[in-house]
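To start, the structure itself, in structure tokens.
Each reported figure results from applying straightforward, stated rules to the coordinates on display, with no laboratory input. Predicted model, so just to flag it, every value in this text is computed and none were measured. Because the Cβ atoms are built from the backbone with ideal geometry, glycine has one as well, and the counts that use them run over all protein chains shown.
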Amino acid sequence: MRRHDITLVVNGVARQASVPARRLLSDCLRHDLGLTGTHVGCEHGVCGCCTVLLDGQPVRSCLTFAVSVDGHEITTVEGLGGDGDSLSPVQQAFAECHALQCGFCTPGFLCTVTALLRDNPAPTDEEVVEGISGNLCRCTGYQNIVKAVHRAAELMAE
Amino acid sequence: MTTQLFGERVRRREDPRLLTGQGRYLDDLGRDALAVAFVRSPHAHARIRDIDVSGALDVEGLVAVYTYEDLPERLAEPLPLLIPHPALTHGRTAHPLAKDVVRHVGEPVVMVVAEDRYLAEDACGLIEVDYEVLKPVVGIEEAAQGAQLVHEDVPGNVGAHMVQEVPAADGRSAREAIETAPHTLAFRLDIERSASMPLEGRGVYARWDGSDLRVYSSTQTSTSVRMAIAAKLELPLPHVEVIAPDVGGGFGVKIMHPWPEEILVPWAAMLLGRPVKWTEDRREHFVSSAHERGQVHYVRVGFDDEGRVQGLEVTILHDHGAYTPYGIIVPIITSTQLLGPYRIGAYRVEFSSIYTNTVQVTPYRGAGRPQGVFCMERTMDKIAQYLGLDRAAVRERNFIQPDEFPYDQGMIFQDGRPLIYDSGNYPEMLRMVKELIGWDSFDKRPHTGIGLACYVEGTGVGPYEGGHVQVTSDGRVHVSTGLTSQGQGHETVFAQIAATELGVPIEKVSVVTGDTRRFGYAVGTFASRAAVMSGNAIALACRKVREKALRIAADALEADPGDLEITEGVVHVKGAPGASIPLATVAVLANPLRYAFDEEARRATQFASAAAPDRPPVAEGEEPGLEGRDYYSPVRSTFAAGMHAAIVETDPDTAEVRILRYAVVHDCGRLINPMIVEGQIHGGVAQGVGGALYERMVYDSHGQLLNASFMDFLMPYATEVPRIETAHLETPSPLNPLGIKGAGEAGVIPVSAVLASAIEDAEGLPIDRMPISPAELYHLRQSRDG
């Protein structure tokens with residue numbers, strides 16, 4: 001099968017991969033680049049587990065062909081925090097508010113919420129619920145995720 | 001004690017790795033592994049005439065193709081029937097790959113191994129299976145008529161039939177009590193199929209090195225998967241290790257084992273001498289794992305003028321799908337837990353467990369309880385309505401009173417033990433939930449309604465769990481237990497228990513679960529049992545370690561062990577902090593050494609220690625090392641309880657249901673970590689809301705699952721789950737050392753009942769079937785309005 005050489009700027013680092021045209025971005029990140037923090041829950045764009053930031057915008061990496069984002073910038077959960085082990089305000093708020101249980105959907109929520117708060121640093125309750133309504137979580141009932149988004153907004157405002 | 005962490009809202013120790021993408025879920029492992037895909041049956045019922053794999057052989061990257069014909073003797077046998085029961089007279093299980101007949105859409109027929117999953121699926125697409133399509137059996141009542149059979153040798157499609165009867169105090173049967181009661185009601189109640197639906201599906205990854213097999217599985221029971229693999233692959237148990245890595249949710253479905261894939265993937269890894277991995281995709285999860293909930297219930301109840309139940313008779317049709325590997329646990333739980341917090345005069349319950357050509361049924365969070373609670377709570381509401389009484393008052397009149405514990409319901413529970421409630425305070429709980437929701441001051445307006453539902457949940461079923469605790473010479477405490485974790489925060493709560501018991505900072509404690517290399521004896525994580533079972537086992541193991549530490553420290557400090565205590569990881573004489581010895585040093589002294597490998601070890605070597613020359617370095621009855629192992633094996637389950645109340649609003653035009661308020665009062669005994677318990681309740685309620693208003697498995701008459709994707713199986717997003725208000729009551733369990741009860745399933749159990757109650761109140765229509773969609777509510781309105 002014909003392969004295509006692509007370069008993705010992932011979490012600020014240029015990464016090369018040679019992939020068939022049908023390779024999904026989610027599989028490319030996970031299996032070609034070894035960035036397994038991005039998870040795949042449904043492979044049809046509904047659950048949002050695979051959400052990454054493509055040039056800053058949240059996208060479903062399971063509905064994106066890797067070759068179609070050649071040359072673009074991608075941020076995954078591994079790139080949200082600062083250097084070393086430091087957590088981003090969104091990650092920190094999720095820990096403080098117990099906004100995750102099994103953690104499988106969490107990377108998708110973190111990417112979604114990071115973009116949400118960048119665009120709207122002080123969302124209302126309704127805006128938060130609306131903003132995360134494209135991501136499924138089967139563990140938390142969303143109660144503490146909503147809290148965490150508000151808490152992250154607070155932390156970012158500090 | 002300064003290190004009192006039991007009961008505190010300690011932040012989770014799992015979170016740093018899970019928040020940074022460093023979790024290790026099944027598909028994150030084995031980057032070098034070959035990939036497996038399956039050809040699965042597209043038919044609900046068919047005979048396999050021929051399998052032609054030749055088309056697949058030219059696929060680039062194809063490594064192997066296996067059908068039933070290729071399986072060795074033990075693998076060719078039917079999969080185990082995990083929980084036999086005398087009433088399960090016609091239990092049937094599938095073969096790992098279909099033999100002759102397929103009995104549901106999704107049953108595995110051919111296994112393909114290739115260099116990657118894309119190529120494996122290419123090959124699957126080129127394999128041709130010739131089927132003779134047979135008439136499928138779909139729908140529980142059609143199946144119960146027995147005109148068509150799922151298994152030729154199972155007459156009437158009846159896998160099991162069971163009756164349990166509890167007579168009234170005066171010896172009368174339920175039927176007699178109902179017939180002579182002042183009032184009787186009879187009605188039918190339905191609950192449809194749903195499923196656990198964790199966001200991570202199943203998955204198996206196996207490595208074979210020529211003599212040892214290591215298997216990773218996204219399972220709720222690694223120890224039992226290990227034994228199943230050893231048996232099926234005829235390997236000595238010590239040569240098989242099974243590890244449950246980070247698991248992306250279970251909710252019951254992953255307690256089922258061994259899945260065909262859990263046997264086939266390790267087998268292929270051994271045959272091929274290369275690591276092999278299978279990761280379930282979402283469609284596979286819908287059609288080839290397990291479902292639950294589908295039951296029809298016929299209820300007859302007799303009661304007096306005050307609404308006190310005198311006799312109750314329930315007849316249940318349980319749809320267990322095509323196979324019964326997990327036995328009849330679900331209808332047994334429905335039958336027994338149906339009684340809830342009530343003292344029912346006389347009770348008769350009968351169920352038939354029926355085969356259909358659909359995905360098999362195994363427990364899903366709640367495990368038959370949501371159906372049982374739906375029956376009992378609908379019954380309470382109907383009695384109240386019939387008599388014109390307050391729904392809460394009718395419940396209260398039937399409650400078991402706080403001074404009646406232990407209360408024997410006179411039945412046999414799912415663990416084979418008597419159904420005896422250990423403790424509880426139901427009147428107080430009702431008072432709390434009424435206050436929380438504002439029951440007495442509810443302002444009834446058109447198209448709004450309030451509802452209430454109560455339940456009792458048997459948790460912490462046996463037979464046992466164990467814990468191992470080791471203090472190493474760096475002062476760290478290593479805790480392991482065999483049961484697994486799927487997001488419950490075990491690494492945190494078990495560390496809280498160990499830190500509290502041993503008097504060490506929690507930062508020094510690490511916890512490993514679900515790894516048979518660390519702890520080989522376990523049952524698994526299900527039935528809200530992990531905290532009760534492993535929590536107590538770990539506490540008992542810690543107490544052994546503590547006792548040994550105090551003994552050794554007493555020697556070193558020339559003190560009486562009874563005068564010592566441990567705080568912040570240091571053993572010291574009570575009231576004399578100067579006379580002390582760190583636990584790390586005690587660990588050194590506990591292990592007499594010949595060789596010094598670091599400064600700590602040097603202190604325990606033979607010429608350095610002050611051991612008495614006339615005594616053996618390891619005293620009789622002692623073992624080297626500061627470690628302990630213990631088990632907790634309860635005589636029977638401990639019974640948690642809860643009461644939920646909700647206020648709903650129904651749209652007069654679209655019949656959409658909006659939950660305006662949702663209140664939970666919950667009693668799981670002593671709370672280890674309230675933050676985590678609340679999280680469990682939130683998640684359970686959300687799943688309950690899904691099950692009450694949105695989620696169902698829609699099979700057509702051909703046995704095709706029409707909504708096998710997240711686009712059509714509607715799980716709640718944040719927009720569908722209301723804010724959940726919670727309050728706790730703590731009635732300790734007298735059965736275990738920590739006084740705790742399980743909390744994992746609680747939230748989901750009464751949600752269909754409470755929402756049915758509230759919708760009924762809003763609409764003035766009987767709600768006897770859940771889930772209820774806007775279209776169904778609309779049609780109910782139409783048939784009422786003629």
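Tabulated values for the structure
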{"quantity": "The stretch B:636-702 shape via C-alpha gyration tensor axes, a/c threshold 1.5", "calculated": "oblate"}
{"quantity": "Unit Cα scatterers, Debye sum, chain A: log10 I(q)/I(0) for q = 0.10, 0.17, 0.19 Å⁻¹", "calculated": "-0.34, -0.94, -1.13"}
{"quantity": "Quotient of Cα Rg and 2.2 N^0.38 Å for the stretch A:89-157, N being how many residues it contains", "calculated": "0.95"}
{"quantity": "Length-normalised contact order of the stretch A:89-157 in % [C-alpha pairs under 8 Å, at least 6 apart]", "calculated": "57"}
{"quantity": "The stretch A:3-79, relative contact order in percent, only Cα pairs under 8 angstrom and at least six apart counted", "calculated": "38"}
{"quantity": "Shape category assigned to the protein assembly as shown from the gyration tensor of Cα positions, a/c cut at 1.5", "calculated": "rounded"}
{"quantity": "Whole-angstrom gap from the stretch B:479-528 to the stretch B:200-217, using each part's C-alpha centre", "calculated": "22"}
{"quantity": "Whether chain B is rounded, prolate or oblate, judged on the alpha carbon gyration tensor where a/c under 1.5 counts as rounded", "calculated": "oblate"}
{"quantity": "Scaled radius of gyration (Cα, divided by 2.2 N^0.38 Å) that the stretch A:3-79 gives", "calculated": "0.95"}
{"quantity": "Percent RCO, i.e. relative contact order, over chain A, from Cα pairs under 8 Å lying at least 6 residues apart", "calculated": "24"}
{"quantity": "Column: log10 I(q)/I(0), Debye, Cα scatterers of the stretch B:525-566, q = 0.14, 0.21, 0.30 Å⁻¹", "calculated": "-0.44, -0.65, -0.93"}
{"quantity": "Estimated inter-spin distance, B:L706 and B:D281, nm [label 7 Å along Cα→Cβ]", "calculated": "2.4"}
{"quantity": "Given charges at Cβ of Lys, Arg, Asp, Glu: chain B dipole, positive-most of B:L82, B:G171, B:A590", "calculated": "B:A590"}
{"quantity": "Rounded to the nearest 20 debye, dipole of the stretch A:89-157 from Cβ charges on Lys, Arg, Asp, Glu", "calculated": "260"}
{"quantity": "Computed FRET value (nearest 0.05) for A:E126 with B:S773, which takes r as the C-beta separation and R₀ as 41 Å", "calculated": "0.95"}
{"quantity": "Proximal lysines relative to B:K434, as straight alpha-carbon distance under 27 Å, when same-chain residues fewer than 8 apart are discounted", "calculated": "A:K147, B:K382, B:K444, B:K741"}
{"quantity": "For B:R769, distant residues with modelled amide H under 5 Å away", "calculated": "B:D190"}
{"quantity": "Sites B:E69 and A:D70, calculated FRET efficiency, Cβ-Cβ separation with R0 45 Å, nearest 0.05", "calculated": "0.50"}
{"quantity": "Residues with amide H under 5 Å from that of B:M411, placed H, sequence gap 5 or more", "calculated": "B:L419"}
{"quantity": "Sequence of B:L483, A:L80, B:L134, A:L110 once ranked by neighbouring C-beta atoms within 10 Å, starting from the fewest", "calculated": "B:L134, A:L80, B:L483, A:L110"}
{"quantity": "Taking all pairs of distinct alpha-carbon atoms in the stretch B:313-455, Kirkwood radius in angstrom", "calculated": "16.9"}
{"quantity": "All-pairs Cα distance distribution in the stretch B:448-594, expressed in whole percent, bin size 10 Å", "calculated": "12, 36, 26, 16, 6, 3, 1, 0"}
{"quantity": "For chain B, size of Cβ-based charge dipole, Lys and Arg +1, Asp and Glu -1, in debye", "calculated": "980"}
{"quantity": "The stretch B:730-785: equivalent-ellipsoid semi-axes (sqrt of 5 x gyration tensor eigenvalues, Cα, Å)", "calculated": "38, 10, 7"}
{"quantity": "Alpha carbon Rg of the stretch B:110-176, scaled by the compact-globule rule 2.2 N^0.38 Å", "calculated": "2.16"}
{"quantity": "Value at 222 nm in deg cm²/dmol, rounded to 500, when DSSP H runs of n ≥ 4 in chain B each add -39,500 (n - 2.57)", "calculated": "-8000 deg cm²/dmol"}
{"quantity": "Difference of contour (0.36 nm per residue) and Cα-Cα distance, B:E115 to B:E77", "calculated": "10.8 nm"}
{"quantity": "Leading residue at positive end of dipole, the stretch A:3-79 (Cβ point charges), from A:L53, A:I74, A:G37", "calculated": "A:G37"}
{"quantity": "Debye, to nearest 20: dipole size of the stretch A:3-79, +1 on Lys, Arg Cβ, -1 on Asp, Glu Cβ", "calculated": "160"}
{"quantity": "From phi via Karplus (6.51, -1.76, 1.60), per-residue ³J(HN,Hα) for the stretch B:595-600 in Hz, x at Gly/Pro", "calculated": "10, 9, 10, 7, 4, 4"}
{"quantity": "Signed unit charges on C-beta, dipole axis of the protein assembly as shown, positive-most listed residue B:S423, B:L271, A:M156", "calculated": "B:S423"}
{"quantity": "Computed lengthening from B:E132 to B:Q22, 0.36 nm per intervening residue step minus Cα-Cα distance", "calculated": "34.8 nm"}
{"quantity": "Inter-probe distance in nm under a simple model that places probes 7 Å from Cα toward Cβ, at B:E558 and B:D170", "calculated": "7.8"}
{"quantity": "Largest to smallest principal axis extent of the C-alpha atoms in the stretch B:166-311, angstrom", "calculated": "73, 33, 22"}
